[in-house]
Amino acid sequence: MRRREFITLLCGATAAWPLAARAQQPERMRRIGVLMPYPPGDADVQERVRAFREERRKRGWASGVNTQFDERWTGDNMDLIRSAASNLVELNPDAILATGGRVIPILMELTRSIPIVVPGGSDPVARGYAESLAHPGGNVTGFATMELSVIGKMLQTLKEIAPQVSRVSMMYNPQNPATVLFAHTFESAAGPLGVEPTIAHVRGLADIEHAVAAAAEQPNGGIFVAGDITINALTDQTVATVARHRLPAIYSERGFATRGGLVYYGTDRIDLFRRAASYVDRILRGEKPGDLPYQQPTKYDLVINLKTAKALGLTIPPKLLFTADEVIE
């Protein structure tokens with residue numbers, strides 16, 4: 001090899017060394033906080049978080065490789081929720097995935113800089129999460145569970161399935177700030193449907209049993225279960241209590257219908273968690289949460305438990321059976 005060629009080759013190799021060294025340096029580990037106000041044994045919510053993780057993996061973020069997940073499962077215990085939220089914020093993650101009408105305000109009090117992605121909730125503008133749907137502006141964005149107008153659609157669906165119903169009691173935990181919006185919309189929608197609305201505040205199983213029993217004391221009663229982590233944590237007990245009093249009921253979570261509740265109408269929660277993963281991906285790649293639109297649902301699922309309907313002596317209109325996304329027999 002000629003001397004000039006050797007020197008050229010040597011210089012080229014030397015210049016390449018820093019590039020190769022940079023290429024071999026490990027990618028910075030990103031930290032994702034997850035705060036779920038549910039028991040760790042909640043199979044439905046565990047499935048949603050798995051869907052979030054899987055979608056993140058598909059987008060190039062693998063646990064233990066370039067992503068560290070810090071999960072906190074608290075159940076419906078506000079002291080544990082506050083403690084877990086503080087702990088996650090202290091870890092200063094790159095983003096936090098969280099849900100719950102009583103959870104997001106706590107996180108917002110603790111940080112205005114860490115991005116928070118919410119796979120759920122309703123009317124984020126009225127609740128102070130976002131300045132507008134198109135441009136949230138702060139550190140919170142996500143995907144709404146429903147528009148408030150859907151409450152009227154749910155009440156109408158209950159009436160179609162059980163036309164005799166003339167009194168409906170909406171159950172929720174009053175500590176959830178979203179329920180003020182729920183109640184107002186519920187009461188406004190009830191009149192045109194010929195329904196007398198009542199509100200039942202529940203903070204635990206005893207309150208649920210009392211509310212259902214009170215609804216059953218009056219003729220033609222029905223139950224409307226709003227989305228609330230307190231009631232969601234008592235899904236089986238709630239369904240059993242409603243069944244014992246033989247009341248038609250509509251629920252805001254699919255799990256109630258699959259466990260024996262009459263009917264569910266709402267969004268696909270697993271899909272919301274997958275979509276939340278897409279927002280976390282965009283945030284980790286440099287986008288700001290305040291620039292990511294807070295998206296409203298475009299599709300709602302109808303699940304009818306035909307076995308429960310038959311037990312209540314109800315005949316489901318053929319139109320509803322045809323349009324239902326799932327019929328449980």
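Read-outs throughout are calculated quantities, based only on the coordinates presented, and are distinct from any laboratory measurement. For clarity, every value in this text was computed on a predicted model and none was experimentally measured. Please note: Cβ atoms are built from the backbone with ideal geometry, for glycine as well, and neighbour counts cover all protein chains shown.
Here is how the numbers come out for the structure above:
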item	result
MRE, 222 nm, helices only [DSSP H, n ≥ 4, -39500 (n - 2.57), over the chain, to nearest 500]	-13000 deg cm²/dmol
Spacing of the two label points (7 Å from each Cα toward its C-beta) at LYS153 and LEU80, in nm	3.4
Sum of side-chain charges, GLY204 neighbourhood, beta-carbon under 13 Å (Lys, Arg +1; Asp, Glu -1)	-3
Estimated translational D of the range 37-186 in µm²/s (Stokes, Kirkwood radius over Cα pairs; 20 °C; 1.002 mPa s)	124
Between 0 and 90°, nearest 10: helix 150-161 axis offset from the chain longest Cα axis	40
Quotient of C-alpha Rg and 2.2 N^0.38 Å, computed over the range 195-329	1.25
Label-to-label distance, nm, for residues given as ARG203 and GLU326 (7 Å Cα→Cβ offset)	3.4
Percentage relative contact order, the range 100-203, counting C-alpha pairs under 8 Å, at least six apart	25
Other-chain or far-sequence residues with amide H under 5 Å of GLU71's (modelled H)	VAL34
P(r) tail fraction, the chain - alpha-carbon pairs more than 33 Å apart, %	34
Cα long-axis angle, helix 78-91 against the chain (0 to 90 degrees, to the nearest 10)	10
Positive-end residue of GLY260, THR230, PRO197, charge dipole of the range 186-329 with Cβ unit charges	GLY260
Cα long-axis angle, helix 205-217 against the chain (0 to 90 degrees, to the nearest 10)	30
In range of the label at GLU160: residues from the range 247-262 whose backbone nitrogen is under 17 Å from the point 7 Å along Cα→Cβ	249-252, 262
Of all DSSP beta bridges in the chain, antiparallel share, percent nearest 5	10
Selection of trypsin sites (Lys or Arg not before Pro), the range 66-116, meeting DSSP coil and at most 16 other Cβ within 10 Å	ARG112
Extension gain, GLN218 back to THR298 (0.36 nm per residue minus Cα-Cα distance, nm)	25.1 nm
Computed over the chain: relative contact order in percent, which uses C-alpha pairs under 8 Å that are six or more apart	19
Cα centre as origin, Lys/Arg/Asp/Glu Cβ charges: the chain dipole, Debye	1380
ILE116 long-range amide H proximity, modeled H, under 5 Å	ILE96, VAL140, THR141
Contour excess over end-to-end distance, with Cα ends at ALA62 and GLU196 and 0.36 nm allotted per residue	43.1 nm
Reachable lysines from LYS58, criterion Cα separation under 29 angstrom, eight or more residues apart if same chain	LYS288, LYS299
Full-stretch length increase - ASP236, SER188 - with 0.36 nm per residue and alpha-carbon distance subtracted	14.3 nm
